[in-house]
Structures are given as C-alpha cells and as structure tokens.
Amino acid sequence: MNNKRIALLGLGTIGQVVFDELVASTNGAWQLAWVVVKHPERHQTVLLPTGAQLTTDWRRAVEDPTVDVVIELIGGIGVAKEAVTSALLHGKQVITANKDLVATAGTELDRLAELYGGALTYEAAVAGGIPIIRTINEGLAPDRIRRVSGILNGTSNYILTAIDQEGLSFDAALKEAQAKGFAEANRQPDQGRDRDRRRL
C-alpha cells in the first residue's frame, strides 16, 4: 500500500507541532508533500523533508491529485472553508482542528464528504482534543445519546469561570486567559468568528 501524501495547511503553533510529528515519524505510513503558509519569510529556517514543498497557494497543495490527506490548521472561516471545501470536492480526507469552521459549516462539509467520497474528521476541534467523538461513535454505538452538554473547551472554561467566580467582564477574562496562555494572544473581543488574520 502506498504512503498517504499529506498537505499541511498552516504552520502556526499547532501546525508546527503537527509538522514536527510528521517529520519525526518513521513508520512510513505517510509522506509530507506540501506545507502551506501565509508568510514564507517567517519560515525560512524550516527544514522540509525530501519531496515536500513550501507554498503560499493552498490550491496547489489541496488540488494536487497525488495528495490524499489535507490537514487544515489555518483557523477562521474564509480561506479555511474554501480550502476544506475544495479538498472534499476532490474526494480527499480532511483533518481539522478548526472549531469555528466545524461549528458554522460542519453539516455542509460532512455532506460534501459523503457526496464526493472524501472524509471530514474533526476530533482535534472538540473538547480540547479529548477523543470524545470516537468514544461516542465506537464505544457507545449501541446506546441512544440524546444530548451532550457541558463546557468542552479549556479557553471557554477558564473565561466562564473567571466571569462567574471573579466577577470579571468578558474582555477582562479574555485578557487574563491570553496572559496565562489559555487563549490566542491575537484574539480580540470584537473579532467574533473572523479569525482569518491569525498567523499561518
């Protein structure tokens, strides 16, 4: 069986960790083919594995017919949704950690995956990476689950606790969470769902 060829979209904090894991892997199950970044000048020291290419054009990577898997770590809705949609229209497997994208377009993207023979997996976008979706789908398959509720994100948990127990405003709680590393440093209270300015 041939190695799975991967296109990695985004080389920010999470993207760098995934990149390092892919490069360090020696099991031969996958091969990094593309790394897509917004600002290549920030990544001049990145040592790409043999055969991998760095680009700012996500279309080159996603629409490469030799690519099997697209890992989307851009964040936000705009560019990320375009790239994921294109990947699914080309029948590829997509892995994403993008909460905004899954929350706003998950049903639509799932449908595209079903129609075009691809796959959309987003375990990393749920519950801080706890494998809750796999547990429900596989371990609890015979059960009928009507609802799952709770705070399933470390950032939300921190902010809501600070508001409830310390009486902080949302803005103050967000700044405190950012200072302690629980929230993205570049997230502004008025950004809403628009995170496309996040560094790749």
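The values are calculated or read from the model by the stated rules, or taken from the named source; none is laboratory data. Since the structure is predicted, the reported quantities are computational estimates derived from the model, not experimental observations. When we count neighbours, we look across all protein chains shown, and the Cβ atoms used for this are built from the backbone with ideal geometry, even at glycine. Keep in mind that these areas ignore ligands, DNA and RNA; they rest on the heavy atoms of the full protein, side chains included. Shrake-Rupley method; radii C 1.70, N 1.55, O 1.52, S 1.80 Å.
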Packing rank of 14-22, 74-82, where each peptide gets the mean count of other beta carbons within 10 Å, highest leading: 74-82, 14-22
- prompt: Extension gain Ile132-Glu41, at 0.36 nm per residue separation less the Cα-Cα distance, in nm?
  reply: 29.0 nm
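What percent does the relative contact order of the range 1-74 come to when contacts are Cα pairs within less than 8 Å and at least six residues apart?
Numbers: 118 pairs, mean separation 33.9, N = 74.
Once normalised by length, the contact order is 46 percent.
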- prompt: Over the range 1-150, what percent of the accessible surface lies on carbon and sulfur atoms, probe 1.4 Å?
  reply: 52 percent
- prompt: Quick one: length gained pulling Tyr116 to Arg60 fully straight, 0.36 nm per residue minus the C-alpha distance?
  reply: 18.2 nm
